[in-house]
Each structure stands twice: as structure tokens, then as C-alpha cells.
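Down below is the structure, laid out as C-alpha cells.
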Amino acid sequence: MTNNDFLLPKSFYLRDDVVQIAKELLGKTLVTRQNGAARKGKIVETEAYRGYDDKACHASNGKRTPRTEVMYREGGCAYVYLCYGIHHLFNVVTNVAGKADAVLIRAVEPLDGDWSDRHPKTKTSNGPGKLSKAMGITMEMNTARLTGENDIWIEDAPDIVGTSIVASTRVGVDYAGEDALLPWRFYICNNDWVSKK
DNA sequence: GGTAGGATTACCT
DNA sequence: GGTAATCCTACCC
């Protein structure tokens, strides 16, 4: 399978600080493979979700269901969630087994591969829904490991020096009360692919 | 077994 | 700027 020197090691995902991981994922490369062709995108927008005490997280307060089960897995898994019946949202599970932390990947900037048939001409917005469509992410990817055994993985990209990273509140989590105010959304400043500025 | 709701987007007025 | 589309998950009988 993937034998790639840039592949992020499992230890990257196993750390305890999901907010830090969300920040570090910015600028790294998300890769999916379909029909043998790799499609690469630079991660430009992420959000951190913490299982332990974050009401915005599906697995908040120790809630454990068949859907959220994957979030309790060892870091390095994909958690794909269908929102509003239409949009697939892609998360990266982090932390050790038993801790339901995850990083939501909200936007990527297209790199290699042919994206012409994946992005409609409308440039009004970019968000997790379009990201999943563009990368071909579906429920099939749910629970897939990102460490090289499957058709989706993340590569290191250390050369984002000088890039401005902005922290802000997360999107669409108003229901989470005071936790909605946490500055756990990170994006790359002045990037056209960020969903919201 | 049935129903309410959601980490959104596109299209209409 | 408002709202329809759309379907899986969770929770309550």
C-alpha cells in the first residue's frame, strides 16, 4: 500500500492536545485515491472537538453510541458523518483509545489531480460538504485508518512557514451554549478556499 | 418501529 | 436573505 516518507505517523494523532493537533494539521496534505488516481488537497481549515467536556462534540460527556464509537478509537482513524442528509463531514480521530477527540476538516485547497469535475463553478462558498464531494469522501471511508492501509491518508507538509493562522469560534454549534464560544476553529488567513472569513 | 433533528448548501425571490 | 432539499442517527414509545 502506501509507502510514503511523508505519511504522518500514528504518534501524531495519539497526542492528548486535540486543539494543538487541529492547528498543526493546517497546511498538511489530505490524499484520497479513487480508481488508482490520487487526489491531493492542502488542509486550510480545521475545528477541534473534544469528547470529554465539549458539548459541541457528538460524543460529549462520555456519550457513547454506535455512531460515535469510532471517536473512542485510537487516533488516526477517519470519522465520516452525514449531516443534513446531504453532506459528508470528514473528521480525524485523535488521542488514545477511550478518548473521544476529533478534528473536523472543513476545507482544503486543491493540489494535484483533476478537480474540474468535482467543484461546481459557483464559488460562493466552500465548506465541508464540498470538500467531501471533491475528495470523494463517503460513508465508505468511515472508520478507515489514515496511516497508509487505505485509500485515504494525510501527508506531512512542513513548509508553511510564514503562513498566518487565525483562530475563531466554530461554525454551526450555537446549540452548545458556552462551549460555542471556544476559539477552536483554525484556518489559514487570506485563503480563498476557507469557507467563511 | 416510528419520528425528530442536525458540525450545510443551493436556489429562489 | 430566506428556505427547501434529504437521509442517517438517536431516542422514545
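Throughout, read-outs are computed from the coordinates displayed, never taken from laboratory work. A quick note: this is a predicted structure, and the numbers were derived from the prediction, not measured. With ideal geometry, Cβ positions are generated from the backbone for all residues, glycine too; neighbour counts draw on all protein chains shown.
Quick notes
- Distance between the pseudo-spin-label points of A:GLU74 and A:GLU178 (7 Å out from Cα toward the beta carbon): 3.7 nm.
- Förster radius 30 Å - calculated FRET efficiency between A:HIS87 and A:LYS63 (Cβ-Cβ, nearest 0.05): 0.85
- Choice from A:THR65, A:THR29, A:THR147 showing the highest fluctuation, given a GNM over chain A with Cα pairs closer than 10 Å: A:THR65
- Extension gain for A:GLU155 to A:SER168 (0.36 nm times residue separation, less C-alpha to C-alpha distance): 2.2 nm.
- Each Lys and Arg adds +1 at its Cβ and each Asp and Glu adds -1 at its Cβ; summed about the Cα centre, chain A shows a dipole of about 480 debye.
- Extended-chain gain in nm, criterion 0.36 nm per residue less alpha-carbon gap, A:ASP53 and A:MET139: 28.3 nm
- Only helices enter this figure: runs of n ≥ 4 DSSP H residues, each worth -39500 (n - 2.57), summed and divided by the residues of chain A, yield -2500 deg cm²/dmol at 222 nm to the nearest 500.
- Exposure proxy ranking for A:LEU14, A:LEU8, based on other Cβ atoms within 10 angstrom of each Cβ and starting from the fewest, stands as A:LEU14, A:LEU8.
- Kirkwood hydrodynamic radius over Cα pairs of region A:10-186, then Stokes diffusion coefficient at 37 °C and 0.692 mPa s, in µm²/s: 202
- Extending 7 Å from Cα along the Cβ direction at A:ASP16 and again at A:ASP112 yields two label points whose distance is 3.8 nm.
- Simple spin-label estimate for A:GLN34 and A:PHE6 in nanometres, 7 Å along Cα-Cβ: 2.1
- When each of A:ASP151, A:ASP112 is scored by the number of other beta-carbon atoms lying within 10 Å, the sequence from fewest to most is A:ASP112, A:ASP151.
- Of A:ARG145, A:ARG39, A:ARG64, the one that fluctuates the most in a GNM where chain A has Cα springs shorter than 10 Å: A:ARG64
- Karplus 3J(HN,Hα) series, Hz, for region A:82-96 with 6.51 cos²θ - 1.76 cosθ + 1.60 (x for Gly, Pro): 8, 10, 6, x, 10, 10, 8, 9, 9, 10, 10, 6, 10, 6, 6
- In the structure shown, the pairs A:LYS63/A:LYS130; A:LYS10/A:LYS40; A:LYS42/A:LYS133; A:LYS42/A:LYS63; A:LYS40/A:LYS63; A:LYS99/A:LYS133 are assessed against 27 Å; a Cα-Cα span above that value is assigned to A:LYS63/A:LYS130; A:LYS42/A:LYS63; A:LYS40/A:LYS63; A:LYS99/A:LYS133.
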